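Here is the structure we will look at.
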Amino acid sequence: MPAPSPTRSLDLDGTSVLIFDDSAAACLAAADQIAELVRSTVAQRGKAVLGLATGGTPVPVYKGLVEEHRAGRLSFGEVSTFNLDEYYPMSPLDPQSYRTYMHRHLFSQVDLAPNRAHVPDGTVPESALEAYGASYDRWIEAEGGLDLQLLGLGRNGHIGFNEPADLDTETALKLPTRPVSLHPTTVADAAGDFGGEALVPRRALTMGTASILSARRILVLAFGAKKAEAVAQSLTGPMTAQVPGSLLRSAGDRVTWVLDPEAASQLPGVGG
Ligand code: GLP
């Protein structure tokens, strides 16, 4: 079955924005693009390196990739993956860990080598966190950088766990992988997963903007009315550390936004 086509495409200052009928169609199209990128990159240079995201948004994308794999059309045999983030502290075996999420939705379902599936380690001792973050960036570099980074968007505009910050833009574009504190909006949004706000870890490890923005392609997925403001601010507001999604504009035409009509509703010329 051919992948769904967008119902509208916009070019916002060189960034491509694709709007689909609904999130299901958008996720199928995203899975198709990722599968195609893996096939062509492996054909060209013998391997592919993917940056992966968690959250509710990409779950159907992983389902689509697993289906492609089961149908014999996609192998992860030559793929390495680097996830964006992990709560801290967090055991990889904890049901709420992003490692568990990835195991459930992708890693256990495809032929990806366990030693090539990287998720930031939420058990690293406090004193080694900065050094661990720097190593994570070096591992990505040693693999030749990310061929594709898959991203979701927080309600507050965060990417990975790069939260809104009081930083000058130049610094915000070059942040390393590092320990961070979660923004109150992020803690509130995670409350459902943890059985209450009080149980949400207040800290995390996140891939930094430097590695994210160096990816050769970046696919950003955002769905639903609750993301509309962050989407509009990211795409049309000032480029600022206060809206981490806006920093993606520095990656120009390497970025594609994949939206449903609700998430796109506050973009110029789209809302009704
Ligand atoms: C989470 C993750 C992000 C994710 C975002 C949106 O906190 N750290 O990587 O993109 O928030 O989550 P969701 O897709 O569930 O809306």
Quiz prompt | Under the Karplus curve 6.51 cos²θ - 1.76 cosθ + 1.60, θ = phi - 60°, whole-Hz ³J(HN,Hα) for segment 99-112, x wherever Gly or Pro sits | solution = 4, 5, 3, 5, 4, 5, 8, 9, 4, 7, 9, 10, 8, 8
Exercise. Using Cα positions and a limit of under 30 Å, work out the lysines in reach of Lys227, with same-chain residues fewer than 8 apart set aside.
Key: Lys63, Lys174
Self-check item: the chain - share of DSSP beta bridges that are antiparallel (%, nearest 5)
Solution: 40 percent
Quiz item: If you count, for each residue, the other Cβ atoms within 10 Å and average over each peptide, how do 29-36, 216-223 line up from highest to lowest?
Solution: 216-223, 29-36
Quiz prompt | Accessible area in square angstrom per residue, segment 1-116, 1.4 angstrom probe | solution = 46 Å²
Quiz item: Taking the Cα centre of the chain as the origin, how large is its charge dipole in debye, to the nearest 20, when only Lys and Arg (+1) and Asp and Glu (-1) carry charge on their Cβ atoms?
Solution: 440 debye
Self-check item: Cβ crowding within 10 Å averaged over residues, with 151-159, 132-140, 230-238, 191-199 ranked highest first
Solution: 151-159, 230-238, 132-140, 191-199
Exercise. Might you report the magnitude of the Cβ-based charge dipole of segment 120-189 about its Cα centre, with Lys and Arg at +1 and Asp and Glu at -1, to the nearest 20 debye?
Key: 120 debye
Quiz item: Which percent of the accessible heavy-atom area of the chain goes to carbon and sulfur, probe 1.4 angstrom?
Solution: 52 percent
Quiz item: Each residue of segment 141-153 in order: what ³J(HN,Hα) in whole Hz does its phi give by Karplus 6.51 cos²θ - 1.76 cosθ + 1.60, θ = phi - 60°, with x for Gly and Pro?
Solution: 4, 4, 7, x, x, 8, 6, 8, 10, 8, 10, x, 9
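The values are calculated or read from the model by the stated rules, or taken from the named source; none is laboratory data. As the structure is a prediction and not an experimental result, all values here were calculated from the model. Using ideal geometry, Cβ is built from the backbone for each residue, glycine included, and neighbour counts are taken over all protein chains shown. Areas reflect the complete protein model, heavy atoms only, side chains present, ligands, DNA and RNA absent. Shrake-Rupley method; radii C 1.70, N 1.55, O 1.52, S 1.80 Å.
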